[in-house]
Structure formats: C-alpha cells, structure tokens
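Accompanying notes for the structure given below.
Read the figures in this text as sums done on the coordinates, not as results from a lab. These figures come from a predicted structure and were not determined experimentally. Glycine gets a Cβ as well: all are built from the backbone with ideal geometry, and neighbour counts include every protein chain shown.
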Protein chains: 2
Amino acid sequence: MSTSQQAADVFSRACPSREVFEDVTGKWAVLALSALQQGPHRFGELRRRVDGVSEKMLSQTLQVLERDGLVHREVRSATPPHVEYTLTDLGTALAPRLRALIDFVEDALPQVLAARTARDDRP
Amino acid sequence: MSTSQQAADVFSRACPSREVFEDVTGKWAVLALSALQQGPHRFGELRRRVDGVSEKMLSQTLQVLERDGLVHREVRSATPPHVEYTLTDLGTALAPRLRALIDFVEDALPQVLAARTARDDRP
DNA sequence: CCGCATCCTAACAGATACTG
DNA sequence: CAGTATCTGTTAGGATGCGG
C-alpha cells in the first residue's frame, strides 16, 4: 500500500500538524513532558515539579498529551487513588528535543537579559 | 571575575528563564524564528510564510524576539518602508532546535492521528 | 509597505469548592 | 489522592482605520 498523505507542514494553517504542534509546545506541555523524561510521575509529583501549574491546567494538559499518544496514564489503585503517568515511545522520542530547547534557554539566559538591558538603554 | 548567577531553571516559576522560555515557545515565535532560519525576510514575507498570523500578532512577536536578542530588525528605506528581519547569532543558535521540534511533529503526525483514532474508539 | 492604535470577543487560566 | 465543576478575571487574538 502507498501513503496517500502529502507531507505535513506546520506553516500551513490548515495542516493538522499545526494543532499537534501547539499541543506539544504549549506552556505546560513542554514542562510536563520534560518532567516525565526523568521517569514515571504521579499527578501530585508532577504538580510539584512543574512549579506554578494549577490542578486544572495540569489535568487538561495531560489529557491532551494522552490523546495525542505522547503520555500513558495508568490507574494503579482506586482507594486511595494512585495514577502514574509515563511517556509513550513517541513521547520518549520527543522529550530530548524539548530538553534541548530548555537547555538552550537556560544557558542563553544571561545573553538574553543582557540584550534586554542594552535595548532598554536606547529607545 | 565570577558568575554570581545560580543556574537557571525553567521549572521554577520565579526564574526569569521561564518567561524567556515562553517567549521562545510561543505559538507564533517558533514559526517566525524557523522561517527566519532560511534567511532574511521582510515583514510581508513573514506574514505570508507564517500562515494564519495577523499583523498585530506578528508585529508583537517580532518585538518580543528583538527585545530578547534573538532577531535583528533593520530599516532599509523609508518610502516605501522596507524592513528586514534576520536572526542574531543567538537566534541562529536557537533555530535548529526549533527546527528539530517541527520536524518531529511533522514526521510523527500519522502516529498522533492514529493514537487519537484508537482513543476515540474506546471511551 | 510597514506597522501602530483602538476596540471588541472568545479562549484561556487562576481560585475555590466539591466528589469518587 | 486525583481529579471535576463553577465562577471570574486576564490575556490572546481578530478587525478596522490611520500614519510614516
């Protein structure tokens, strides 16, 4: 059989990859996926790790990522609830690229702050 | 001299890197930066390349990226206006990592769509 | 041609309270 | 513990019109 799909292109508004791209680069999605790169996490662990995320947003984000096949959700017991989140194979392949982005930003921070200061001087 | 800064950490809400990270992973920022990876662009060219972006959002995005020292803006004539946007050295270093992310999403699209379908079958 | 200013709405995001 | 529900404020983002 042949692949009848033409190549995906995030630059095209109508391409489905655009939506997936936004799921993946979302504010909390990147942090959640990167946290999960270090191994399985429970909901509360993730919440503490991703500083500043609300229960609602984390829950919402995880649902989207699970739907996209990047995160696996497993209920291990019901009383008290114990839910583990892990990366799928696809998520595992994605995580290093997000990590590279995070590392870049963290390393470049001094230069960015310097650029801002320089710009503030001459309006 | 010594660097008195402790390591940046995007997982901490208070760390300045978190804000820079959001600038960089913003919906339009990634696309604009990746477009500029292919060489200098004028405003209108960028607008056409980044399908779906409004003038306002593109303008806003470029201002943020310029402020962060990732994009350089150069006015080349005034009547008619001719403005060129290029990546700075920092932006040039960043672009390949965004490209890697875009490539991943475009390549993974079939798997993501398959995951969604599989999930829709069993609610 | 490039972009800013204004206005307006819809989606997003936080806090709180509640349930299995 | 792991969420859902609701309510409300904030911001993203589109449309339009104008100025350099």
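How many partner chain Cβ atoms sit within 10 Å of a residue's Cβ in peptide B:44-51, on average, as a whole number? Mind dumping the intermediate values first?
Details: counts 0, 0, 0, 0, 1, 1, 3, 8.
Counting other chains' Cβ atoms within 10 Å and averaging over B:44-51 gives 2.
If you take each beta carbon of peptide B:96-104 and count the beta carbons of other chains within 10 angstrom, what is the mean?
On the way: counts 2, 9, 5, 1, 5, 10, 9, 3, 8.
The per-residue average across the peptide is 6.
Answer with one residue from B:102, B:91, B:7: the one whose Cα lies farthest towards the positive end of the charge dipole of chain B, charges on Cβ with Lys, Arg +1 and Asp, Glu -1.
Final value for the positive-end residue is B:102.
Among A:113, A:65, A:33, whose mean-square fluctuation peaks in a Gaussian network model of chain A (Cα, cutoff 10 Å)?
A:113
Which residues does the label zone of residue A:51 cover in segment A:91-123, counting backbone N under 18 Å from a point 7 Å along Cα→Cβ?
A:102-110
Between rounded, prolate and oblate, where does the protein assembly as shown land on the alpha carbon gyration tensor, with a ≥ b ≥ c its root eigenvalues, rounded for a/c under 1.5, else prolate if a/b exceeds b/c?
Numbers: a/c = 2.49, a/b = 1.38, b/c = 1.80.
Oblate, since a/c reaches 1.5 and b/c is not below a/b.
In deg cm²/dmol and to the nearest 500, what is the mean residue ellipticity at 222 nm of chain A if only DSSP H runs of at least 4 residues count, each as -39500 (n - 2.57), divided by the residue total? Walk me through the numbers on the way to the answer.
Values: 5 runs with 73 residues, N = 123.
Rounded to the nearest 500, the figure is -19500 deg cm²/dmol.
Per the Kirkwood formula on distinct C-alpha pairs, the Rh of chain A is how many angstrom? Numbers along the way, then the final one.
Numbers: mean 1/r = 0.0601 Å⁻¹.
When all Cα pairs of chain A are included, the Kirkwood radius is 16.6 Å.
Taking the Cα centre of segment A:7-75 as origin, work out the dipole magnitude from +1 charges on Lys and Arg Cβ and -1 charges on Asp and Glu Cβ, in debye rounded to 20. Before the final figure, lay out the partial values.
Working: 10 positive and 10 negative charges, 42 e Å.
Once rounded to the nearest 20, the dipole reads 200 debye.
Stokes-Einstein D for segment B:1-51 at 37 °C, 0.692 mPa s, Kirkwood Rh over Cα pairs, in µm²/s? Please list the in-between numbers first.
Details: Rh = 13.1 Å.
Calculated translational D: 250 µm²/s.
Using only the alpha-carbon atoms of segment B:71-123 as identical scatterers, what base-10 log of I(q)/I(0) does the Debye formula give at q = 0.25 Å⁻¹?
For the requested q values the scattering log ratios are -0.91.
What full-extension length gain, to one decimal in nm, is calculated for residue B:76 and residue B:38 as 0.36 nm per residue of separation minus the Cα-Cα distance? Walk me through the intermediate numbers first.
Details: separation 38, 0.36 × 38 = 13.68 nm, distance 1.97 nm.
In short, 11.7 nm is gained.
What does the copy distance list look like for residue B:45, label position 7 Å along Cα→Cβ, in nm and ordered from shortest?
Nearest to farthest, the other copies are at 4.9 nm.
Test of understanding: extend the Cα→C-beta vector of residue B:84 to 7 Å, then name every residue of segment B:24-66 with backbone N under 13 Å from that spot.
B:39-43
Mind listing the label-point distances from residue A:80 to the same position on all other copies, shortest first, one decimal in nm, points 7 Å along Cα→Cβ?
Distances to the matching label points in the other copies: 6.6 nm.
Put the label 7 Å from Cα along Cα→Cβ for residue A:119; what are its distances to the other copies, in nanometres, shortest first?
Computed spacing set for this position: 3.6 nm.
When a/c reaches 1.5 or more, the comparison of a/b and b/c decides; with that in mind, is segment A:31-76 rounded, prolate or oblate per its Cα gyration tensor? Before the final figure, lay out each step's value.
Working: a/c = 1.42, a/b = 1.19, b/c = 1.19.
It comes out rounded by the Cα gyration axes.
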